[in-house]
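Read the figures in this text as sums done on the coordinates, not as results from a lab. The shown structure was predicted, so the numbers you read here are calculated from the model rather than taken from an experiment. All Cβ positions, even for glycine, are placed from backbone atoms using ideal geometry, and neighbour counts span all protein chains on display.
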Amino acid sequence: MELTGAEIAIRCLQEEGVEYVFGYPGGAVLFIYDALFNQDKIKHILVRHEQGAVHAADGYARSTEKVGVALVTSGPGATNAVTGIATAYMDSIPLVIISGQVASHYIGEDAFQEVDTVGITRPCVKHNFLVKDVNELASTIKKAFHLAKSGRPGPVLVDIPKDVSNQKAEFNYPSSIDIRSYHPAQHGEIEQLKQAAQLLLQAKRPVIYTGGGVVLSGASQQLTDLAHLLDFPLTSTLMGLGGFPASDRQFLGMLGMHGTYEANLAMQNCDVLLAVGARFDDRVIGNVEHFGQVPRKIIHVDIDPSSIAKRVKVDVPIVGDVAHVLGDLRAMLHSSKQQPDQAALAEWWKQVDEWRSLNCLGYRNSDEVIKPQYVIEKLHEITGGDAFVTSDVGQHQMWTAQYYKFNQPRRWINSGGLGTMGFGLPAAMGVQLAHPGATVACVTGEGSIQMNIQELSTCKQFRLPIKIVALNNRYLGMVRQWQEFFHGNRYSESYMDALPDFVKLAEAYGHVGMRIEKPSDVEPALKEAFARKDDLVFLDFKTDQTENVFPMVPGGKGLSEVILAEDL
Amino acid sequence: MRHIISLLMENEAGALSRVSGLFSARGYNIESLTVAPTEDPTMSRMTIVTSGSDDVIEQINKQLNKLVEVVAVMDMNEGDHLERELMLVKVRAVSEMREEMKRMADIFRGRIIDVTDDAYTIELTGTGSKLDSFLQAIDDDLIMETVRTGACGIGRGDRVLKL
C-alpha cells in the first residue's frame, strides 16, 4: 500500500517500538504531525522549547536501554535542538532526531525557516541524513536507529523536506540493514585478552577505572563479577557512576577534578590500570604529562578505537563491547586458576585504605545555614538511594555525584561531556515517562533551572511528579568557586540578582513550591515532598553561599596536586 | 611527518564535507585533498596529504575510519607506494624563450598542451617535489599561472585498497 512520507516516518517509528516522541510542531513538519494525529500507538510529548525535547528524549534513553526520539521543525526548531544533540553526542546517547526541512525545491534559496541542518549538526551527530527521495525514507530511518544504538551509540539526525513528507511511496520496513562501511567490533581480540589477563595477574598495585561505556553496554554485572574475582580497587568517572555499586567496599568513589582523594591517588600510583569504557579526558586525569610521570601498564577496553591512545599511551588496546570483553576476561581469569600476588594486593589495599581514612568528603555541618552536601545526603537517605536522579551542571552536580551513592546503573542522569546547564529538568521528564511511578529527582541550581524553566509547563500537561531539588546559593556556584580560587575573588557576573520567587513560580505553573531556609527543615521538607506522589514539588533550598566543592584538582594540575577542604 | 592517506567512501553528497569538517574540527593539517569517483560509481576515492606526529596520524586514521560513509582507509606510508600529482603551468614564451621553455619541459618530461602567440601551457606529472623542482628551474617572472591537483597515491604490487 502506498503511504505518504509522513505516514511512512510514523510507521517506521512504530516498527521500532517507539513509545514516546518528544517534539514541537512547525511548518515543515505539519504533514508528520498530521500523521501522528491519525494514530494512537506513539504518544507525543509537547515540550515548550526544542532543546527540552532533545534532553527529554536523552533522559528517556539514558534511563532505559532504548533509543530516544525527538521531532522538530526546520530552521529555529533545528537550531534550538542543537545543544541537546551535542549533549547526547558527547555522552554517546542513542537518539534519533527527525527534523523538518523546507521543500526540496526551496533548499538553497534562503527560504523561510531554512537552515542547513545537516551542515550545522554534522560535527555533533554520529551521522545524519537529508532524505531527498521518499522511496528511501524507510530504509534511512532504519539506518538511523541501527547507527544510533549499535557500536558506540550516539544521536543520528534525519532531515526530511516538507515535500518528501507529502509524497507517496510503497511502505516496506526492512527487518535488518547492513551498512557496508559500518561493522563495529563486538568481541575483543583473543591475543589481546590473553595479554590483559597476564598483566592483571602480575599486578601489584592495580586499579580498575570505569566510565560511561559500562552503563551504555549494560555491563554492570560483568564488571562487578570481574572486580570481585580480582578484588582490585575500582573507581569510576562521573559518567560511570552506578555501573558498580557505590556501597561496595572495593569502590573508591568518583575520580577526577572533584574525585575522592583515594580514587585519584590510587589512579596516579597504580602499576596496572584496567580502563573500561572510559576515555582519560581532561576532567578525569588532569595534566596528562603529570599522569605519565608514574610508569604503569594500561589496558584499555573501548568499543571506539579512536578513544584508545588518544590522550595516553596504551599497552594493551582491546576494541570491543565492554560487556563481552569483561565477560571473556573473567572467564579467562577464572579458568586459569591463577591469582594475582595476594601479599602485594593486601599491601596495596592497606595504602588505599590509608588514603581513604582521610575521609575527604567530610564537611562540617551547620545549625545555621543549609549545607548543600547535607541536602544530598538526606535526599539519598529519604529516597532509599534508589531514585532516578538527574542533574544540571555545576556545584550541585558534583555534590550529587559525590554524596548520592548510586548502586545501580542508569539512575544517575547528567550531562558529563558537554556540561549543559538546563539539562536536568527536561531529562527528568523523559526519565519519569519511561518509569511511571518511579521516584525521579532533579538536582539543580537556581542558575541551571532557569535555562529550561519553561518545561514546568510540560510537566503540568503530562502530570510528571518530578521532585526538583534546587540548591539555591544565589551564585553561579562553580563559576564563583573558580573566581575565588583562580581570579582573586573577583566575582565577575556570577551573582544573580533579582531571582524569581521559585515557590510562586512553581505555583504559577500549577505545581507545589516549598522554600527551605533552615537546616532543621531539610529532612521534613524532603519527606513531605517525596510523599506527594502525584505532584511536582519544587524544593527551593537556600544553601550556604560560599560552600565549595572539595576535593579539587585544579585545571591543568596532576591528580595528586589536590586541594582539600580546610576542615580536614 | 608527511603522510598520504587514501580512502574509499560512499559517493554521496556531504561525504566530502564530513572528511574536511573532521580535519578542521580536530585541528589536523591538510596539505592537499583530491577526490573522484572510482570504477564503481557508488564509491569515491580520496587522497589526503597530511602531516603530524605518529600519535596524530594514528588518530587521523581512526577518526576517518569512524566516519560512517568511509568504507576503507589506508595509510600509504605504512608500505611501498607510488605518488603522483598533475600540474598545469602557463608560462610566458616569446622569441628565444619559446625554445628554452620547450627544452625545459622536455627535460622534466612535461608536455606542451596549448600554444598561443606568447604563452605555453605545460602539463607535468610526478611527485610533488618534482613539480616544485620544475617551478624552481624556470624564471619566476615567466610563470603566468599554475594549477596543481594535489597528490594521489597507490600502493605497490599486491597492496590494494579495494572493497
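Okay, here's what the table says:
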{"quantity": "Antiparallel %, DSSP beta bridges [both residues in the range A:2-170], to 5", "calculated": "10"}
{"quantity": "Shielding by partners, peptide B:65-78 (average Cβ within 10 angstrom, other chains)", "calculated": "3"}
{"quantity": "Ascending count of other beta-carbon atoms within 10 Å, so fewest first, for A:CYS124, A:CYS442", "calculated": "A:CYS124, A:CYS442"}
{"quantity": "Other protein chain Cβ atoms within 10 Å, averaged over every residue that makes up B:3-14", "calculated": "1"}
{"quantity": "Label point 7 Å beyond Cα of A:LEU358 along Cβ direction - residues of the range A:390-415 with amide nitrogen under 18 Å", "calculated": "A:402-403"}
{"quantity": "Highest to lowest packing among A:311-321, A:55-65, A:94-104, scored as the average C-beta count within 10 Å", "calculated": "A:55-65, A:94-104, A:311-321"}
{"quantity": "Cα→Cβ-extended label distance, 7 Å offset, between A:PHE37 and B:VAL94, nm", "calculated": "7.6"}
{"quantity": "Space enclosed by the convex hull of the alpha-carbon atoms of chain A, per residue, Å³", "calculated": "153"}
{"quantity": "Pairwise FRET efficiency - A:VAL503 versus A:LEU229, Cβ, R0 = 41 Å, nearest 0.05", "calculated": "0.20"}
{"quantity": "Residue exposure sequence - B:GLU58, B:GLU85 - by fewest surrounding Cβ within 10 Å", "calculated": "B:GLU58, B:GLU85"}
{"quantity": "Near-label residues of the range A:116-159 by backbone N, under 15 Å of a point 7 Å along Cα→Cβ of A:LYS168", "calculated": "A:134-135"}
{"quantity": "Full-stretch length increase - A:GLN14, A:GLU109 - with 0.36 nm per residue and alpha-carbon distance subtracted", "calculated": "30.8 nm"}
{"quantity": "Of the DSSP H helices in chain A, those whose Cα atoms cover at least 30 Å axially and whose Kyte score averages 1.6 or more", "calculated": "none"}
{"quantity": "Net charge of neighbours whose Cβ lies under 14 Å from the Cβ of A:GLN461, counting Lys and Arg as +1 and Asp and Glu as -1", "calculated": "+3"}
{"quantity": "Simple label model, 7 Å out from Cα along Cβ direction - A:LEU564 to A:SER175, nm", "calculated": "6.2"}
{"quantity": "Mean Cβ neighbour count within 10 Å, used as a protection proxy, ranking B:61-69, A:206-214 highest first", "calculated": "A:206-214, B:61-69"}
{"quantity": "Order of A:VAL156, A:VAL118, A:VAL54 under a 10 Å beta carbon neighbour criterion, fewest first", "calculated": "A:VAL118, A:VAL156, A:VAL54"}
{"quantity": "FRET efficiency, 1/(1 + (r/R0)^6) with R0 30 Å, evaluated for B:GLN136 and A:ASP282 via beta carbons", "calculated": "0.10"}
{"quantity": "Shape call, the range A:2-170: gyration tensor on alpha carbons, a/c limit 1.5", "calculated": "rounded"}
{"quantity": "Förster radius 30 Å - calculated FRET efficiency between A:LYS527 and A:THR64 (Cβ-Cβ, nearest 0.05)", "calculated": "0.55"}
{"quantity": "Mean-position separation - Cα centroids, the range A:384-416 and the range A:203-235, in angstrom", "calculated": "19"}
{"quantity": "Degrees separating the helix B:128-137 axis from the principal Cα axis of chain B, which is the longest one", "calculated": "20"}
{"quantity": "Kirkwood estimate for the range A:428-486, i.e. one over the average of 1/r between Cα atoms, Å", "calculated": "12.9"}
{"quantity": "Charge sum, other residues only, whose C-beta stays under 10 Å from B:GLY52's C-beta, Lys/Arg counted +1 and Asp/Glu -1", "calculated": "-2"}
{"quantity": "Beta bridges per DSSP with both ends in chain A, % antiparallel, nearest 5", "calculated": "5"}
{"quantity": "Two-site label geometry, A:GLU381 and A:THR546: point separation in nm, points 7 Å out along Cα→Cβ", "calculated": "2.7"}
